[in-house]
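Following: one structure in structure tokens, then a few remarks.
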Amino acid sequence: MTLLIGENYFAAPELTVTVERRTPQAAFPEHYHDFHEIMLVESGSGVHIFNDNPYTLTTGTVCFVRASDHHLFESVDNLRLTNVLFRSPQAFRFLHDVGRFLPQEHHYQQQIHWQLSPGTMQQALQCVAVLEHQSAGVGAEQIAATESQFLHLLILLYQDCFQPQLRDASENKVNQLLAWLQGHYSEEVNWMEAADRFSLALRTLHRQVKQHTGMTPQRYLNRLRLLEARRRLHHNDQSITDIAYACGFSDSNHFSTQFRREFLVSPKLMRNQLR
């Protein structure tokens with residue numbers, strides 16, 4: 001596994017924050033860093049394998065990555081990322097106690113990936129543009145201004161990600177739905193019942209899921225199922241049929257067809273390649 005070293009990304013040892021753009025981000029093998037990062041998806045899509053768990057990346061996704069995390073990108077489609085790198089929550093020169101605005105350890109798995117509202121995403125990118133301009137200098141005043149702008153970004157993300165009561169009501173409901181699907185992908189989902197569960201009109205559900213993920217609700221659900229199936233092929237010895245049923249497919253032939261369409265290889269061949 002590759003280690004990405006901060007000295008290759010921070011222009012000077014004095015800098016505590018910097019911006020790294022990937023436009024587009026190519027498929028990239030598993031790696032980890034000796035720094036932390038906040039990853040914003042400007043556009044496109046892809047799959048983020050984060051600490052061995054798969055997540056779908058779409059426009060508006062934000063991800064918090066610690067130095068101890070390992071991840072990779074695959075199945076990318078014009079994926080454009082803006083990464084805000086910082087050395088660690090304790091390494092700032094003029095900021096203190098910023099950890100309270102980052103995902104907390106006891107809720108980390110639920111908070112590392114989030115979907116920003118379109119308005120917040122635009123504000124975040126504007127904030128990053130200012131931060132990128134300020135981070136060019138190494139003087140104390142410039143570093144202080146950069147850290148101040150970073151704190152502004154952090155509070156903006158914190159309010160959108162971790163204080164849902166401040167969100168638009170329908171935005172909050174759609175994000176609750178997407179989080180619910182992450183934990184219930186193996187179940188048969190009736191979209192009318194799902195709309196009622198989250199107090200959404202069915203048309204609103206379809207429109208906003210498509211807006212958030214770039215996919216129809218059923219396509220997004222199938223993607224979650226297929227990603228979990230692939231993870232199981234990698235990490236356990238269940239039969240392909242058992243994996244299909246465990247991931248929400250009622251027919252193993254249909255599962256194999258969908259799997260081949262998604263990953264361009266059959267489940268059996270993928271498993272054989274791993275042995």
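The values are calculated or read from the model by the stated rules, or taken from the named source; none is laboratory data. Since the structure is predicted, the reported quantities are computational estimates derived from the model, not experimental observations. We place every Cβ from the backbone using ideal geometry, glycine too, and count neighbours over all the protein chains shown.
Key figures for this structure:
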read-out	value
Selection from the stretch 1-39 of residues that are surrounded by 15 or more Cβ atoms within 10 Å (Cβ to Cβ), of a type in the set (S, T, N, Q) and either at pLDDT below 90 or within 18 Å of Asp69 (Cα to Cα) (or both)	Gln25
Sole residue being β-branched (Val, Ile, Thr), surrounded by fewer than 20 Cβ atoms within 10 Å (Cβ to Cβ) and closer than 25 Å to Gly6 by Cβ, chosen from Val84, Val65, Val98, Val128	Val98
Odd one out for Phe64, checked against (1) within 19 Å of Leu154 (Cβ to Cβ); (2) outside any strand (DSSP E or B)	(2)
